[in-house]
Amino acid sequence: MFNKLEEIALEERGKAEQYTHTINVCTAAGCASSQSDAVKEALENEVRNHGVEKWCRVRGTGCMGLCAAGPLVAVEPEKPDEVLYQYVKVEDAGDIVASLEDKPVERLRCSTDIPFFTRQKKIALENSGYIDPESIEEYIARDGYSALMKAITEMAPSDVIDEIVASGLRGRGGGGYPTGLKWTTVAKSDGDTKYIICNADEGDPGAFMDRSVLESDPHRVLEGMAIAGYAVGASQGYVYVRGEYPLAVARLKTAIRQARRANMLGSGIGGTLFNFHIDIRLGAGAFVCGEETALIASIEGKRGQPRPRPPYPAEFGLWGKPTLINNVETLSSIAPIIRNGGDWYAQIGTATSKGTKVFALAGSINNTGLIEVPMGTTINDIIYEIGGGVSGGGQCKAIQTGGPSGGCIPADYFDTPVDYESLAKLGSIMGSGGMIVMDESSSMVDVARFFMEFCMTESCGRCVPCRVGTVHMYNILDKFSHHEATPRDLVLLEKLCDMVRNTSLCGLGQTAPNPVLSTLRYFRNEYVEHMVTETNGSGPVTKQMEVAQ
Amino acid sequence: MISRNEKIEPPSDDKRWRIVQATMQRNGFTRDGLIETLHTVQQSFGFLDDDSLRYVAASLNAPLSQVYGVSTFYHLFSLKPAGRNTCVVCMGTACYIKGAPSLLEQIENEYGLSRGETTEDGHLSLMTARCLGSCGLAPVAVINGHIAGKLNAEEALQRLQALQEVENVQQA
């Protein structure tokens with residue numbers, strides 16, 4: 001079977017060698033929304049018009065990262081000297097094709113020498129932008145499915161888990177729970193039937209990493225799931241995808257069909273006795289379904305409401321069976337770890353946080369897009385080097401990580417290395433990887449109110465602290481933003497934060513106060529400025545006195 | 001609830017019910033397939049009406065309360081028909097700090113709508129989304145399925161005006 005994979009890989013590489021030039025057009029969501037499909041079509045027409053189709057091909061690939069400059073087009077002559085074009089329009093297609101045998105089109109050129117490209121280290125995203133996400137052959141040509149074959153033919157399930165433990169990989173969905181430990185628990189759980197779930201319910205506003213991975217390299221996720229299935233003894237997996245991501249769903253469906261045909265999924269994978277099936281389950285727009293027990297309820301066709309843990313899904317999950325739930329990015333790091341060994345992965349990153357992390361840079365930043373950096377890279381490097389600084393020439397005031405469960409980190413702390421512990425110490429969290437840059441025009445009270453509104457509407461209503469507490473916190477924050485708050489409100493707000501954090505049932509409620517707490521910690525003066533200004537009425541003054549007492 | 005053997009007839013002889021039946025069949029007519037089924041109903045008919053909820057409940061042998069509970073729990077399911085045109089303004093973090101609230105407000109004022117509402121003549125539905133994942137293009141709106149990025153209020157209103165003109169031409 002190895003031979004069969006190699007055959008496909010060789011054939012595909014041979015096919016690629018027929019072409020001296022390949023024009024890659026990004027067709028992931030970011031570029032697709034700036035009409036990259038039309039650009040691709042125009043390039044195909046021009047290639048035919050110029051009669052160069054013998055040695056030049058056009059193909060759609062996944063995300064190239066620099067979404068702000070889309071649509072992006074890359075021309076691969078002899079690797080690695082590819083030429084990258086930005087803001088490509090349909091009219092530019094002719095010039096690009098005409099330039100193939102000549103010098104590149106300078107007016108469209110985007111330098112690949114800038115830190116945005118040189119400072120990144122791509123593991124989870126290594127194929128993004130280099131393969132056609134709808135072609136299993138191209139994935140195989142870049143060592144795809146070789147990790148799965150290695151696992152099921154050369155390794156015992158316990159060896160696979162040992163490698164994951166050695167790699168030090170931690171959950172990339174935000175929690176940071178050691179992946180190896182989770183796998184071990186599920187593997188040890190009793191039961192013949194176990195399930196693997198890929199959590200692709202990326203609900204954090206401002207985060208689009210999982211979407212990009214699914215759209216750019218769907219096979220990578222399937223391979224990770226199959227390896228996980230082998231390691232813990234499961235033969236059925238589900239990908240729970242947001243209903244808002246139609247392109248990701250379509251590409252996943254294609255990938256599953258192709259993998260089944262290539263015998264990389266299904267019964268008797270690669271001629272062995274290992275069976276693994278994957279089905280897709282569509283979310284229907286509920287943020288709380290990112291929480292694992294709520295997600296399980298949703299797969300079972302119920303309202304997505306969490307239940308108390310323990311028992312954890314590792315012992316009592318989907319339909320009461322032991323279930324392993326991992327995030328998209330976690331699963332897409334599995335194949336390289338198996339291929340290169342856990343020790344290789346453990347060399348990257350910091351003492352407690354290994355490997356690389358994908359971030360979605362957005363907000364007031366020049367290089368909006370998707371980046372992957374080793375853990376421990378400082379925020380300064382991410383914002384000013386890779387991100388190219390604040391857009392509009394303003395000053396960066398703070399960054400927000402972790403979405404509605406995270407917090408704001410002020411510019412004074414930008415020399416902090418990004419890892420799970422450091423961010424937690426600053427009152428934020430790593431989260432799934434959204435990083436929103438805010439300049440001086442952003443009001444922190446307004447940001448806190450924005451996230452509280454989010455948590456308030458997304459609360460599933462099961463437990464009282466979250467259902468009622470978030471409404472009250474929102475009302476108080478709303479008073480602040482209308483300059484109607486009193487010192488007493490501030491005290492009450494802090495009390496509520498403490499109460500909701502400590503008494504809510506699931507992660508949504510427990511972390512809902514984070515944006516408020518972190519902005520209170522670093523930008524308390526803004527809250528004070530937002531209090532009632534006139535003290536001529538007796539009301540606010542008496543309240544101030546009450547607080548003093 | 002009805003016994004399993006009884007054949008449940010769809011509310012009408014509309015051919016689109018066959019697609020719904022196929023989805024339920026694929027999931028073995030179990031309640032696990034409820035969300036998938038509701039997705040299919042919504043894709044086929046645009047929204048979930050009372051008849052469809054009753055039909056799905058009976059077919060999957062699920063209590064009507066569960067079907068109603070699920071369809072009101074998830075944001076993507078709508079119990080009301082949408083307008084002939086839709087405009088979804090993204091209110092994700094990146095869009096929010098790049099001015100989505102004022103964009104939304106101006107559209108609301110222009111059409112006398114609040115988010116989640118449809119104009120009386122059924123011309124336009126205005127909705128908001130949590131995050132469309134196109135943060136690089138913030139602020140973003142999706143007008144009739146097409147993503148429009150780096151949008152300002154003027155441009156958005158122009159595009160919506162164009163929809164009205166198309167409709168006027170069709171009517172004339």
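Below are the figures for this structure:
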{"read-out": "Single unsatisfied condition, B:GLN158 versus (1) over 20 Å from the mean Cα position of the chain (by Cα); (2) among the polar types (S, T, N, Q); (3) within 11 Å of chain A (Cβ to nearest Cβ)", "value": "(3)"}
{"read-out": "Identity of the residue in the stretch A:184-208, open to solvent by 20 Å² or more (accessible area, probe 1.4 Å), touching a residue at least 40 places away in the same chain (Cβ under 8 Å) and assigned to a helix (DSSP H, G or I), that ends up farthest from A:GLY363 (Cα to Cα)", "value": "A:ALA187"}
{"read-out": "Where a residue in the stretch A:111-124 is among the aromatic types (Phe, Trp, Tyr) and its partner, wherever it lies, is surrounded by 15 or more Cβ atoms within 10 Å (Cβ to Cβ), with Cβ under 6 Å and at least six apart", "value": "A:PHE116/A:ASN367; A:PHE116/A:ILE386"}
{"read-out": "Of the criteria (1) open to solvent by 20 Å² or more (accessible area, probe 1.4 Å); (2) touching a His at 6+ places or on another chain (Cβ under 6 Å), which one A:GLU46 fails", "value": "(2)"}
{"read-out": "Selected residue (criterion: most open to solvent (accessible area, probe 1.4 Å)) from residues of the stretch A:434-463 that are more than 10 Å from every other protein chain (Cβ to nearest Cβ) and either in a helix (DSSP H, G or I) or basic (Lys, Arg) (or both)", "value": "A:ARG462"}
{"read-out": "Sole exception among (1) touching a Gly at 6+ places or on another chain (Cβ under 7 Å); (2) surrounded by fewer than 24 Cβ atoms within 10 Å (Cβ to Cβ); (3) at pLDDT 95 or above; (4) closer than 27 Å to A:LEU508 by Cβ for A:TYR238, by number", "value": "(1)"}
{"read-out": "Residue check, A:VAL232 buried (at least 24 other Cβ atoms within 10 Å of the Cβ) and under 23 Å from A:ALA32 (Cα atoms)", "value": "no"}
{"read-out": "Residue tally, condition buried (at least 22 other Cβ atoms within 10 Å of the Cβ) and within 14 Å of chain B (Cβ to nearest Cβ), over the stretch A:257-280", "value": "0"}
{"read-out": "Those helices (runs of 4 or more DSSP H) lying entirely in the stretch A:231-350 with at least 2 residues among the aromatic types (Phe, Trp, Tyr)", "value": "A:342-346"}
{"read-out": "Matching residues in the stretch B:112-154 - criterion: being away from every other protein chain (no Cβ under 14 Å) and in a helix (DSSP H, G or I)", "value": "B:ALA153, B:GLU154"}
{"read-out": "Only one of A:ARG303, A:ARG309 that is open to solvent by 10 Å² or more (accessible area, probe 1.4 Å), in contact with a helix residue (DSSP H, G or I) (Cβ under 7 Å, 6 or more places away or on another chain) and more than 14 Å from chain B (Cβ to nearest Cβ)", "value": "A:ARG309"}
{"read-out": "Of all residues making up the stretch A:451-471, the number that are without any contact (Cβ under 8 Å) to a residue 60 or more places away in the chain and closer than 19 Å to A:VAL528 by Cα", "value": "0"}
{"read-out": "Which numbered condition B:CYS87 fails, given (1) closer than 30 Å to A:MET438 by Cα; (2) within 14 Å of chain A (Cβ to nearest Cβ)", "value": "(2)"}
{"read-out": "From the options A:GLY388, A:GLY403, A:GLY376, A:GLY393, residue that is small (Gly, Ala, Ser), touching a Phe, Trp or Tyr at 6+ places or on another chain (Cβ under 9 Å) and away from every other protein chain (no Cβ under 12 Å)", "value": "A:GLY388"}
{"read-out": "Filtered residue count, the stretch A:364-391, keeping only those that are over 23 Å from A:GLU421 (Cβ atoms) and either polar (S, T, N, Q) or under 16 Å from the mean Cα position of the chain (by Cα) (or both)", "value": "7"}
{"read-out": "Test: residue in the stretch A:59-67 that is assigned to a helix (DSSP H, G or I), of a type outside the set (Val, Ile, Thr), within 10 Å of chain B (Cβ to nearest Cβ) and crowded, with 18+ Cβ neighbours inside 10 Å", "value": "yes"}
{"read-out": "B:THR37 being at the interface with chain A (Cβ under 9 Å from one of its Cβ atoms), open to solvent by 40 Å² or more (accessible area, probe 1.4 Å) and not small (Gly, Ala, Ser)", "value": "no"}
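The values are calculated or read from the model by the stated rules, or taken from the named source; none is laboratory data. What you see is a predicted model; the values in this text were computed from it and never measured. Because the Cβ atoms are built from the backbone with ideal geometry, glycine has one as well, and the counts that use them run over all protein chains shown. Note: accessible area is taken over every heavy atom of the protein model, side chains too, but ligands, DNA and RNA are not part of it. Shrake-Rupley method; radii C 1.70, N 1.55, O 1.52, S 1.80 Å.
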